[in-house]
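Have a look at the structure below, then the notes.
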Amino acid sequence: MLTAKLKQYDYDLFIDGKWVPSSNGMKEDVINPATEEVIGKVSVGTMDNVDQAIQAARRAFDEGPWPRMSPRERSAKIAAFRDALKKREAELVDLIVAESGAIRSLASFQHVGMPLRWLDYWTEVAARNPMSPLPVNVNDTFSGKKVLGAGAMVRVPKGVVAAITPFNFPFFLNVAKVGPALTTGNTVVLKPSPFTPLEAFVLAEAAIEADLPEGVLNVVTGGTDVGQQLCVDPRVDMVTFTGSDTVGSAIMAQAAPTLKRVLLELGGKSPLIVRQDADLNLALSAGSLICTQSGQGCSIPTRQLVHNSLKEEYIHRLKENLEKVVVGNPADPQVTMGPLIRDKQRERVESFVQGGVEAGGTLVTGGRRPSLDKGYFYQPTLFTDVDNSWDICQEEIFGPVGVVIGFDTDEEAIRIANDSKFGLSAQIYSANVGKAFEMAQRIQSGQVLLNGGYGAYSEYIPFGGFKRSGLGREMGEEGINEYTEIKSILFHGA
Ligand code: NAD
């Protein structure tokens, strides 16, 4: 009943501006994780299809008009691409609710709303002149003669970009990669997660409507083999990846023999520090966000470090908040948390929870499946009396599971926060903003939020990780520049 609004999607691969069936004729069902119903079918890419897609992207880059267009022309195309997506905003929200299990408010605000706004900005970026003058200077030469040197620095596109994305925020992350790659004049082969491939094909339809030249955007679905092939092929110049740290390191190794640039946005185990002087309401509203996308988010505050003087009250109120969460089919507006993506993911979460119990942690709430007939649901779960060295505190569980750990001093909080292989995002809650700012400088993390701001991914603010949370940055000027190469053109006059 709740997905009845959606059409049944049925897509072939999108290669060189055309819809192409899988070379072995194979199609796979796409499942709604809340209802276990089939919501669509997609062709599954083979090695031949990957080859065709890379060839098309290569030709479009080497011979086509895209990298050579004037900034104004390319900006107009990006604007047309954005407009084609904006027209389908309501449909995209429905699709994301059904395909990823997101609740409607999150689907509308973050999954779809934010990327459409980024595209507004990238139309401006595409229109910029990529050339900047270098300073005039006096250079020595081998002959001993001094010459007047000057030149220009040009940011040119990197080439063929393979974009590989995970299941949790499919449209958001596909646009986060395809947007800046196209804006700067690259051509792209996009490989979405096999669990959530449909939004990638909506991007392909937008590319047709915007009349992007053939081969500029290609979409090939598939699993590990397709991803691997994109990383090893010498015709690909760069891999931009979002996903787990394990696959991130495999991608780096796969890309190494051909010395590709890699941009890696990986996992996290983000600390949220609640100092003694914190506004508890504010801290608790952030702490309760472990249920965002059913805990399947990279920067969710899953390790909550609370001053021992507040810990008992904090745990009591967080438990109350988590027990108010309504778990169910996110197409129902009353529901505040949807399912995990697949049963396998739920089993993984269950094994971490069991490990936490066996290690001696206290289960404050949750730790079970709710009694719903269909769907891959799991209850919001909170642990305390845990040690930061345990798996439940160190591993990215990717489910609605958090831990609360007490501390007595700022030094101790910083030490525990940094005692992690990840470093993606951190939060500090304190009435003493100056102190929090000082602490922020010692936290090993790509982002530190002081007194709130979780989920505010801005086109202007670089996002990315320290340690096993990644390499490079998305968003901001740095995120745009990842997709370019610098060329210095020098001219010397005698
Ligand atoms: P995953 O790493 O299992 O898979 C991601 C993608 O990589 C999929 O498309 C998959 O098919 C592909 N892949 C798998 N093996 C590959 C290989 N050897 N070579 C090339 N491609 C390969 O991740 P997932 O389970 O889909 O998503 C969850 C992960 O994504 C979490 O770790 C989460 O933290 C991370 N994530 C990070 C960010 C961020 O911005 N840092 C954002 C969202 C999600």
Order 359-369, 106-116, 183-193 from most to least packed using the mean count of other Cβ atoms within 10 Å. 183-193, 106-116, 359-369
Residues with amide H under 5 Å of Leu13's amide H, sequence separation 5 or more or different chain, H placed in the peptide plane at 1.01 Å from N; which? Val20, Ser22, Ser43
For a footprinting-style exposure proxy, rank Phe463, Phe171, Phe437, Phe61 by other Cβ within 10 Å, fewest first. Phe437, Phe463, Phe61, Phe171
extent check for the chain: Cα max minus min per principal axis, descending, whole Å, gives 75, 61, 38
At a Cα cut-off below 17 Å, give the lysines reachable from Lys158, other chains included and same-chain residues fewer than 8 away excluded. Lys177, Lys260, Lys487
Starting at the first residue of the stretch 142-150, write each ³J(HN,Hα) from the Karplus equation 6.51 cos²θ - 1.76 cosθ + 1.60 with θ = phi - 60°, in whole Hz, x for Gly and Pro. 4, 6, x, 7, 8, 10, 8, x, 7
What does the charge dipole of the chain about its Cα centre add up to, to the nearest 20 debye, if the Cβ of each Lys and Arg holds +1 and the Cβ of each Asp and Glu holds -1? 1100 debye
Simple spin-label estimate for Thr258/Thr362, 7 Å along Cα→Cβ, in nm, reads 5.5 nm
Final fewest-first order of Met26, Met439 on the 10 Å Cβ neighbour count is Met26, Met439
On each of the three principal axes the extent of the alpha-carbon atoms of the stretch 350-492, given in whole Å and largest first, is 73, 43, 25
Kirkwood-based Rg to Rh ratio, the stretch 18-95, C-alpha trace: 1.09
Could you name the aspartates and glutamates in cross-link range of Lys319, using Cα to Cα under 15 Å and dropping any fewer than eight places away on the same chain? Asp385
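In what sequence do Trp122, Trp390, Trp19 fall when counting other Cβ within 10 Å, fewest first? List each step's numbers first, then the result.
Values: Trp122 23, Trp390 18, Trp19 15.
With the fewest neighbours first, Trp122, Trp390, Trp19 line up as Trp19, Trp390, Trp122.
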About its Cα centre, what dipole magnitude does the stretch 238-372 give when the only charges are +1 on Lys and Arg Cβ and -1 on Asp and Glu Cβ, stated in debye to the nearest 20? 360 debye
Could you calculate the FRET efficiency of Asp10 with Glu313 from 1/(1 + (r/R0)^6), where r is the beta carbon distance between them and R0 is 51 Å, rounded to 0.05? 0.45
May I ask you to derive the FRET efficiency for Asp279 and Ser70 from their Cβ-Cβ distance with R0 = 56 Å, giving the value to the nearest 0.05? 0.65
Using a/c under 1.5 as the rounded threshold, could you call the stretch 35-76 rounded, prolate or oblate? The axes a ≥ b ≥ c are square roots of the C-alpha gyration tensor eigenvalues, and prolate needs a/b larger than b/c, oblate otherwise. oblate
Could you pull out every residue, at least 5 positions away or on a different chain, whose amide H is within less than 5 Å of the one on Phe407? Hs are placed 1.01 Å off N in the peptide plane, and Pro or chain starts have none. Val306, His307, Asn308
Using the Karplus curve 6.51 cos²θ - 1.76 cosθ + 1.60 with θ = phi - 60°, what ³J(HN,Hα) values do you get for each residue of the stretch 468-474, in whole Hz, with x for Gly and Pro? 7, 8, x, 9, x, 9, 9
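Every number in this text was worked out from the coordinates using simple rules, so none of it is lab data. The structure presented is a predicted model; accordingly, all values stated were derived computationally and were not measured. Neighbour counts run over all protein chains shown; Cβ positions are idealised from the backbone, glycine included.
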